[in-house]
Every structure is written in C-alpha cells, then in structure tokens.
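Written below as structure tokens is the structure these notes are about.
The values are calculated or read from the model by the stated rules, or taken from the named source; none is laboratory data. If you're wondering where the values come from, they're calculated on a predicted model, not measured in any experiment. Using ideal geometry, Cβ is built from the backbone for each residue, glycine included, and neighbour counts are taken over all protein chains shown. What goes into the accessible areas is simple: the full protein's heavy atoms, side chains included, and nothing from ligands, DNA or RNA. Shrake-Rupley method; radii C 1.70, N 1.55, O 1.52, S 1.80 Å.
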Amino acid sequence: MKLTYFGHSCFSLETGGKTIVFDPFIRGNELAAHIDFKSIKADYILVSHGHDDHTADLIDLAKQTQATVVANWEIHAWLHKQGITNTHPMNIGGKWNFDFGTIHMVFAAHSSSFADGTFAGTAAGFVIESEEKTIYYSGDTALTSDMKLLPMKFGLDAAIMPVGDNFTMDYKDACIASYFIECDNIIAMHFDTFGFIKIDHQEVISFFLEEGKKINIPKVGETTII
C-alpha cells in the first residue's frame, strides 16, 4: 500500500488498484500550500465527519475526480443536496465490499457538524481491509475503550490516529490506543495545522520509542509504503 500525506488528516491510500482519499482538507491548510490540488486523484473519498477541517475540499474533489464518496447517512444526504450523487452511505458497525476490499465503519468519540452548524451524524473511523494490508483510520477521536474491540476482528498492519490534543486525543493517549488496537505501526495525523494542535515532534517520537513502539509523523506531500 502507498500512503501519501496531504496535511492535517488528509491522506491518499493506494490499494487494490484504487486510490482512496480520506477527509479532504488541503487548500485551507497553509502547511499544504505546495500541494497541487488539481493533480489529486481519487476513486473513493472517505469522510469521517462533517467538520470543515475534514470536508472543506470535499465537494470540489468529488466533482474533480468523480469519486464515490463513502460517509454516514447524514453526510450522504447533505452531499445530494449539493449535487454530489455518487455516494455510498454507511453507518457505524456496518461494512461493505468494494472492488478494492472491504470498508468497515467504526466508532469515533467526537462531535460532527457542517460549517453552517447542520448536524452531520455521528463521527466515525474506518478499517480498510484489502488483500495487501489492513489499515485503521481512526478519524478525530478521543481515546475510547471501544478500540479494544478492533483486534478481536482485525489484525491491523498500521493505524492512522490523531496526536494533536485539544480537539482529539494527544500522543500519549494515541500510544495507549496502540495497545488497545494491538498495533505498533502508528501514523500521526491532526497536528500542527493551527496553534491549538502544535506538537513537539521529537518529544512524541521519543515517547513512542520508550514504549517500544513506532510512530511516523509524516511531512506534507510525503509518500510512504505500508
């Protein structure tokens, strides 16, 4: 699997011959100013919740790529009102087999609304199962004991989780979460974009090393192989 970081919580994942983009927020992020939005490809766009820092580029990217947008029912219905009809609605606890693998929608402990205050359903995360790997994208979340359910169903090869604190769990809670989900390969998201979520990169890396774990704090535009 090839994973590219577009900043904040936006990633592109290539698997099974398809490209999946998570939570498109790029052009409003100063740290991602060098990313060429028009060059971004997607077969699927996965949306964890409605907040603007996860959906600001959703409509334009959906129009640009003609991707299938996978999201909860409320976001699916909202998109139809915006003229985006190539959607696949899901809800927490559900799964669906797509042409690249299976998407499971899982719980995230977070709020969810659109920029105008409209309710955007329950926040979620995703587990992506393909023939290559199994990846957990937690979405914005607090540390929650529900994470302990994941290793009962999945053998996770990597997990993408927030570390920025204030709006989500911090890196210490993300480390605890790595024990809950039984995954030592952690990829950081939701950090540094604005003042509330600035982190000390070396402090985070050192903490994980002391726990015998690995965390990758990606640079915007960086591509890694999982």
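Of the GluC sites (Glu not before Pro) in the stretch 111-191, the ones in a loop by DSSP (not H, G, I, E or B) with at most 16 other beta carbons within 10 Å are 131, 132, 182. 3J(HN,Hα) along the stretch 179-187: 5, 4, 8, 6, 9, 9, 9, 10, 10 Hz, from the Karplus curve 6.51 cos²θ - 1.76 cosθ + 1.60 with θ = phi - 60°, whole Hz, x for Gly and Pro.
Proximity of backbone amide H atoms, modeled 1.01 Å from N, is registered between residue 192 and 197, 198, 199 at under 5 Å, excluding neighbours fewer than 5 places apart on the same chain.
Would you rank 171, 137 by solvent-accessible area, highest first, keeping every protein chain in place and using a 1.4 Å probe? Display every interim value, and only then the final one.
On the way: 171 30, 137 0 Å².
The residues order as 171, 137, largest area first.
Among the DSSP beta bridges whose two residues both lie in the stretch 111-172, what percent are antiparallel, rounded to the nearest 5? Don't skip to the answer; put the middle values down first.
Values: 6 of 9 bridges.
Around 65 percent antiparallel, to the nearest 5.
Taking θ as phi - 60° and the Karplus parameters 6.51, -1.76 and 1.60, the scalar couplings of the stretch 105-113 work out to 9, 10, 6, 10, 8, 6, 8, 7, 7 Hz in sequence order, x denoting glycine and proline. Using a simple spin-label model with pseudo-atoms 7 Å out from Cα toward Cβ, residue 224 and residue 148 lie 2.8 nm apart. Where both bridge residues fall in the stretch 1-63, DSSP classifies roughly 75% of the beta bridges as antiparallel.
Here, the stretch 69-226 yields an orientationally averaged convex hull projection of 10.0 nm² when only Cα atoms define the hull.
Please figure out what share of the DSSP beta bridges in the chain is antiparallel and state it in percent, rounded to the nearest 5.
Numbers: 27 of 47 bridges.
Beta bridges within the chain, antiparallel portion: roughly 55 percent.
Derived scalar couplings between HN and Hα for the stretch 17-30 equal x, 10, 10, 10, 10, 9, 6, x, 9, 10, 5, x, 9, 4 Hz in order, rounded to whole Hz, by the Karplus curve 6.51 cos²θ - 1.76 cosθ + 1.60 (θ = phi - 60°), x for Gly and Pro. The chymotrypsin sites (Phe, Trp or Tyr not before Pro) of the stretch 1-110 include none that meets both conditions, a loop assignment by DSSP and at most 10 other Cβ atoms within 10 Å of the site Cβ. Each Cα pair under 8 Å and six or more residues apart adds its sequence gap; the mean of these over the residue count of the chain is a relative contact order of 18 percent. Taking the Cβ of residue 38 as the center, what net charge do the other residues with Cβ under 15 Å away carry, scoring Lys and Arg +1 and Asp and Glu -1? Around residue 38, the surrounding residues sum to 0.
With a cut-off of 13 Å between beta carbons, the residues surrounding residue 17 carry a summed charge of -2, where Lys and Arg count +1 and Asp and Glu -1. You can think of it this way: the chain between residue 30 and residue 182 has 51.3 nm of extra reach, that is 0.36 nm per residue less the Cα-Cα gap.
What does the helix-only formula give at 222 nm for the chain: each DSSP H stretch with n ≥ 4 adding -39500 (n - 2.57), the total divided by the residues, and the result rounded to the nearest 500 deg cm²/dmol?
Values: 6 runs with 46 residues, N = 226.
Per the formula, -5500 deg cm²/dmol.
Considering every pair of different Cα atoms, what Kirkwood radius, in Å, is found for the stretch 1-118? Don't jump to the answer; show the numbers that get you there.
Details: mean 1/r = 0.0693 Å⁻¹.
Roughly 14.4 Å, rounded to one decimal.
Net charge near residue 135, counting Lys/Arg +1 and Asp/Glu -1 over other residues with Cβ under 13 Å of its Cβ? Net charge around residue 135: -3. Over 32 Å apart at the Cα level, from the set 38/148; 81/153; 41/172; 2/198; 81/148, are 38/148; 81/153; 41/172; 81/148. When only Cα pairs below 8 angstrom with a gap of at least 6 residues are kept, the stretch 93-185 shows a relative contact order of 21 percent. Of the residues 40, 59, 7, the one whose Cα sits farthest toward the positive end of the charge dipole of the stretch 1-59, with +1 on the Cβ of Lys and Arg and -1 on the Cβ of Asp and Glu, is 40.
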